[in-house]
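The values are calculated or read from the model by the stated rules, or taken from the named source; none is laboratory data. Nothing here was measured: the structure is a model prediction, and the numbers come from that model. Cβ placement follows ideal geometry from the backbone for every residue including glycine, while neighbour counts extend to all protein chains displayed. Each accessible area value is taken on the protein alone, full model and side chains, heavy atoms only, with ligands, DNA and RNA left out. Shrake-Rupley method; radii C 1.70, N 1.55, O 1.52, S 1.80 Å.
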Amino acid sequence: MLYLTSDDFPIFVPFGVIGFYRYLWYLIRIIASVTYRPVPLPENPTYVASEDVTIIVPTIDAGEEFKEAANSWLAGKPKEIIIITEEKMLIPLQELANAVDPERIRVLTVPFANKRLQMAHGIRNTTTDIIVFADDDAIWPPTLLPYVLACFEDQKVGGVGTSQRVQPVGKRMTVWEVLAAFRLTIRNIEISSSTHIDGGLPCLSGRTAAYRTVILKDPEFLHGFTHDYWLGKYQLNSGDDKFLTRWMVSHGWSTYVQCCKEAELLSTMKPNWRFLKQVLRWTRNTWRSDLRSLFMERYIWTTHPYVAYTMVDKLFNPFTLLVGPCLVGYLVWKSTFAVIDGGYHLPWWNIILSYMVWLLATRTAKLLPHLWHTPSHIIYVPAFILFGYYFAIMKLYALFTLHETGWGTRAGIGDPTKATAA
């Protein structure tokens, strides 16, 4: 490397500093994640699932997999499960509910398929102190509810999240599911470290998150939640979890995440290329929410400065990631010239090989927490590297298409404006 930099040292020093900075912060995240501890179960809990928990599940197309998920929720003994769907899906979902537990599962409907409208309808029909939102395919361990409720012993805590793993759709994971598993491992590290460092987190994931009902029943919240617009004219349907997280921060409530096996849920991901459409939707939601948090609402700067830093870092991440291949391309081009003509003395193949070795080494190191438990997934590291560059380009595309608010992966999600009006 020093042999290469001797050609044009000033070019390489800034990029070396950037690389050192990024991996230093990743090391800090790892250390914070390792030292993080979940909230233990209290001896005399204030909240008991059978009396204080209602699970709300907005859905439009739940199938047989819903039975497995519902049985896992019922293992935690909640007081009630409320399924919110659109009117034309009432009969099939009622049949599914009756097949699982007709006494503890209610099915309610809204005129149009709209996740936020469905969630709001469930909130209005809740009578318990704690609401837990869950995706229709989220599978819980039986200990999840007690560990989530333990966080609410602190009366300042308004929302609680959990760690996650991928549940394969088939017998074996596809490459898309492995990529999702890699992302979830990195996410678990990020949320546990940020919770440990300053008590905040970028998002209480909508796959499963719990909230105090009194916060969500506030008419101001319900109106803002169902009348959420980007730039004042594009009504939002997805991004509900980001909205809820920002609401906690802006209204003085603390959040916590239980990163432990006892509260780790399983969730399915798209096992094919449609996973990319999921990621695109999530990325647009992240752009919109983070820009609001940092520059419009601005509570995050004083409440959770570390989380604010991670948001700023993500704003520049696609640019810094794409600088690498651009620099390598420039070096390869320069190496085609003779040294006396201003070229580099290192051959082009050496530059490309060095870059590939560096990528494999650093990305494998970043995925070690996942590979430690599933070493066979090491063959997917090259796919993860390629996905990283695709993701950087997609983030830039998402930034310039924030006006597109469609769901992207589910048919039947109607116009949010018509749904809200109804």
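Considering only segment 82-134, how many residues are in a helix (DSSP H, G or I) and open to solvent by 10 Å² or more (accessible area, probe 1.4 Å)?
From segment 82-134, those in a helix (DSSP H, G or I) are 87-100, 115-124; that's our starting set.
Cutting the leftovers down to open to solvent by 10 Å² or more (accessible area, probe 1.4 Å) gives us 87-92, 94-96, 98-100, 115, 117, 121, 124.
Counting residues in segment 82-134 that are in a helix (DSSP H, G or I) and open to solvent by 10 Å² or more (accessible area, probe 1.4 Å) gives 16.
Name the residue that is least open to solvent (accessible area, probe 1.4 Å), counting only residues in segment 365-408 that are of a type in the set (Gly, Ala, Ser) and closer than 14 Å to Trp282 by Cβ. Before the answer, list the steps.
Residues of segment 365-408 of a type in the set (Gly, Ala, Ser): 365, 376, 383, 388, 392, 398, 406, 408.
Then keep just the ones that are closer than 14 Å to Trp282 by Cβ; that gives 398, 406, 408.
Numbers: Ala398: 0, Gly406: 53, Gly408: 42 Å².
Residue satisfying both the conditions and the ranking: Ala398.
For segment 44-63, indicate whether the set of residues that are open to solvent by 20 Å² or more (accessible area, probe 1.4 Å) and of a type in the set (Phe, Trp, Tyr) is non-empty.
Within segment 44-63, one or more residues are open to solvent by 20 Å² or more (accessible area, probe 1.4 Å) and of a type in the set (Phe, Trp, Tyr).
Residue-by-condition table, conditions (1) at pLDDT 95 or above; (2) polar (S, T, N, Q); (3) open to solvent by 40 Å² or more (accessible area, probe 1.4 Å):
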{"position": "Val257", "(1), (2), (3)": "yes, no, no"}
{"position": "Leu266", "(1), (2), (3)": "yes, no, no"}
{"position": "Lys270", "(1), (2), (3)": "no, no, yes"}
{"position": "Val279", "(1), (2), (3)": "yes, no, no"}
{"position": "Asn285", "(1), (2), (3)": "yes, yes, no"}
{"position": "Tyr309", "(1), (2), (3)": "no, no, yes"}
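Inspect segment 335-358 for any residue being over 30 Å from Val157 (Cβ atoms), open to solvent by less than 40 Å² (accessible area, probe 1.4 Å), part of a loop (DSSP other than H, G, I, E, B) and aromatic (Phe, Trp, Tyr) and give the result as yes or no. Before you say what the answer is, go through the steps one by one.
Looking only at segment 335-358, we keep the residues that are over 30 Å from Val157 (Cβ atoms), and these are 335-358.
From what is left, the residues that are open to solvent by less than 40 Å² (accessible area, probe 1.4 Å) are 335, 342-344, 346, 351.
Filter once more, keeping what is part of a loop (DSSP other than H, G, I, E, B): 342-344, 346.
Filter once more, keeping what is aromatic (Phe, Trp, Tyr): 344.
Yes, there is a match, as at least one residue in segment 335-358 is over 30 Å from Val157 (Cβ atoms), open to solvent by less than 40 Å² (accessible area, probe 1.4 Å), part of a loop (DSSP other than H, G, I, E, B) and aromatic (Phe, Trp, Tyr).
So that you can scan it fast, the table gives a plain yes or no per residue for (1) aliphatic (A, V, I, L, M); (2) modelled with pLDDT of 95 or more; (3) surrounded by fewer than 18 Cβ atoms within 10 Å (Cβ to Cβ):
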{"position": "Ile139", "(1), (2), (3)": "yes, yes, no"}
{"position": "Pro142", "(1), (2), (3)": "no, yes, yes"}
{"position": "Ala150", "(1), (2), (3)": "yes, yes, no"}
{"position": "Asp154", "(1), (2), (3)": "no, yes, yes"}
{"position": "Gly161", "(1), (2), (3)": "no, yes, no"}
{"position": "Trp176", "(1), (2), (3)": "no, yes, no"}
{"position": "Ala210", "(1), (2), (3)": "yes, yes, no"}
{"position": "Leu231", "(1), (2), (3)": "yes, no, yes"}
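Considering each residue of segment 287-302, count those that are open to solvent by less than 10 Å² (accessible area, probe 1.4 Å) and farther than 16 Å from Asp241 by Cβ, and give that number.
Adding up the residues that qualify gives 1.
Return yes or no: is Ala75 out of contact with any helix residue (DSSP H, G or I) (no Cβ under 6 Å at 6 or more places or on another chain), farther than 14 Å from Ala134 by Cα and either modelled with pLDDT of 90 or more or buried (at least 20 other Cβ atoms within 10 Å of the Cβ) (or both)? Even if it seems obvious, please write down each step before you answer.
On the way: out of contact with any helix residue (DSSP H, G or I) (no Cβ under 6 Å at 6 or more places or on another chain): yes; farther than 14 Å from Ala134 by Cα: yes; either modelled with pLDDT of 90 or more or buried (at least 20 other Cβ atoms within 10 Å of the Cβ) (or both): yes.
When the stated conditions are applied, Ala75 passes them.
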